[in-house]
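Here's the structure, in structure tokens; my notes come after.
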Amino acid sequence: MRDIESEAVTGEGKSINYADMLLLRFGEFMLKGKNRSRFEKTVLRHVKEIVKPYPNVELTKEFGRIYVQLNGEPAVELVEGLKNVFGIASISPVKVSPSELEGILSVSRHFLNIIAPVPGTTFKVKARRVWKGFPHGSLEMNNLVATPLLQGYPGLIVDVKSPQLEMKVEIRKEHTYIFCENIAGIGGFPLGTNGKAMLLLSGGIDSPVAGWSSMRRGLEVECVHFYSFPYTSELARQKVVDLTRVLSRYAGGIKLHLVPFTEVQTAFTGIGQDNLIITLMRRAMLRIATQLAEREGALAIVTGDSLGQVASQTLPSLNVIGRATVLPLLRPLVMMDKNDIIELSKKIGTYDLSILPYEDCCTLFVPKSPTTNPNLRIVDKIEATLPGYSELLAAAVQATETVRITPYGNELPKDVVNVQAGLQEEWF
């Protein structure tokens with residue numbers, strides 16, 4: 001069935017603000033047995049946050065669904081927010097009628113007038129009698145509703161197998177719901193239902209996509225960004241704040257940990273092992289992220305690694321780098337092509353920020369020929385003999401600044417961004 005708002009069906013692309021109600025359907029977690037109730041409650045809590053600015057909205061939850069009674073609130077605005085709630089598989093704008101035949105016929109005719117299908121559109125009515133006290137069965141209602149609609153719209157063509165326009169009539173005791181459209185949500189698992197992880201957020205294309213993909217699988221993420229002032233600019237840091245804000249649209253709010261990395265990074269430049277600098281640097285990042293994870297109660301680390309994309313993402317490099325932490329390393333993009341990652345970054349809204357030409361610490365001190373096959377024994381020896389290495393890592397953790405980023409506002413005040421480690425600022 002085609003989207004009823006496509007030009008091929010309506011000719012004009014009608015607004016969905018005709019809706020009296022929005023029907024939200026849950027995603028794949030519906031199969032998860034005993035966890036289902038907890039997952040449903042989590043989605044409902046997130047939906048409540050989305051509809052807070054709309055005081056007339058009323059919510060009702062039942063098995064596998066949430067009903068959003070609009071009461072005059074704009075359907076288009078609400079759909080834009082609700083379709084980004086993890087765990088929502090699809091949304092249908094609904095017209096509501098009384099559960100009696102004349103009312104159903106009247107609302108169905110009105111609904112068809114609103115969506116105004118173009119001549120030649122293939123059409124079908126699919127009725128479902130949920131309330132068994134209704135005097136007409138589902139198959140009978142298909143004919144009772146379709147016949148007058150076809151008479152009023154002679155340009156419609158009946159097609160019961162694969163219609164362009166399928167009008168669904170769901171008859172319940174209190175009301176009957178009439179709808180045609182399924183607007184895709186992002187699905188996945190409700191945010192936070194599978195635990196918490198730390199996301200290494202570099203400012204490039206890959207890591208924000210990895211963060212979004214992790215959230216879609218039910219992970220709450222906290223972002224960790226490493227900056228090397230004065231080698232990296234304030235604009236590079238603000239870029240990461242802005243990327244986190246885009247991700248926060250899907251989460252409501254995300255903690256961002258800003259780690260000063262200059263001292264750690266420069267410690268690797270004078271040891272005569274330039275080809276291993278990237279390996280050493282990434283291992284240091286994992287060690288610092290592990291300490292932050294222990295402090296924040298996170299159980300994994302997420303990275304934007306994609307196998308073979310750069311020298312540090314060959315299999316030997318990933319092996320040596322990954323041994324710097326005891327936490328599980330989650331790499332959602334590891335088998336994805338770059339073009340697929342770019343397309344997903346455009347879809348979630350991070351691409352235009354990611355390509356801004358502000359260098360981060362990952363692009364500094366890059367050797368001409370970084371190793372693609374580092375030796376773990378040599379790397380361990382370098383780290384063991386580097387003067388004050390453990391103290392450098394501990395100092396970076398201690399100096400980490402933490403701020404909570406939300407979708408609201410255009411710029412974080414500096415007195416909010418510069419929050420010392422342990423002081424978690426709620427910024428709404």
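Here are a few things to note about the model shown:
- Looking only at region 77-98, and only at residues there that are of a type in the set (S, T, N, Q) and touching a Gly at 6+ places or on another chain (Cβ under 9 Å), the one that is surrounded by the most Cβ atoms within 10 Å (Cβ to Cβ): S97
- Of the residues in region 356-370, at least one is acidic (D, E), out of contact with any Pro (no Cβ under 6 Å at 6 or more places or on another chain), in a loop (DSSP other than H, G, I, E, B) and crowded, with 22+ Cβ neighbours inside 10 Å.
- Exclusive hit being of a type in the set (S, T, N, Q) and more than 38 Å from the chain's Cα centre (by Cα), set N143, N113, N84: N143
- Residue match in region 276-292 (condition: assigned to a loop (DSSP other than H, G, I, E, B) and of a type outside the set (K, R)): no
- Residues (in a loop (DSSP other than H, G, I, E, B), among the β-branched types (V, I, T) and open to solvent by 40 Å² or more (accessible area, probe 1.4 Å)) located in region 228-275: T269, I271
- Region 99-152, residues that are free of Cβ contacts under 8 Å to residues at least 40 places away in the same chain, among the aliphatic types (A, V, I, L, M) and either surrounded by 15 or more Cβ atoms within 10 Å (Cβ to Cβ) or part of a strand (DSSP E or B) (or both): M141, A146, L150
- Per-region count, region 61-87, residues farther than 21 Å from E166 by Cβ, assigned to a strand (DSSP E or B) and modelled with pLDDT under 95: 2
- Among the residues making up region 191-216, those that are open to solvent by 10 Å² or more (accessible area, probe 1.4 Å), of a type outside the set (A, V, I, L, M) and at pLDDT 95 or above are G195, K196, D206, W212, S213, R216.
The values are calculated or read from the model by the stated rules, or taken from the named source; none is laboratory data. None of the values given here were measured: they were computed from a predicted structure. Heads up, the Cβs are rebuilt from the backbone with ideal geometry, glycines too, and the neighbour counts pull from every protein chain shown. To get the accessible areas, we keep the full protein, side chains included, count just its heavy atoms, and leave off ligands, DNA and RNA. Shrake-Rupley method; radii C 1.70, N 1.55, O 1.52, S 1.80 Å.
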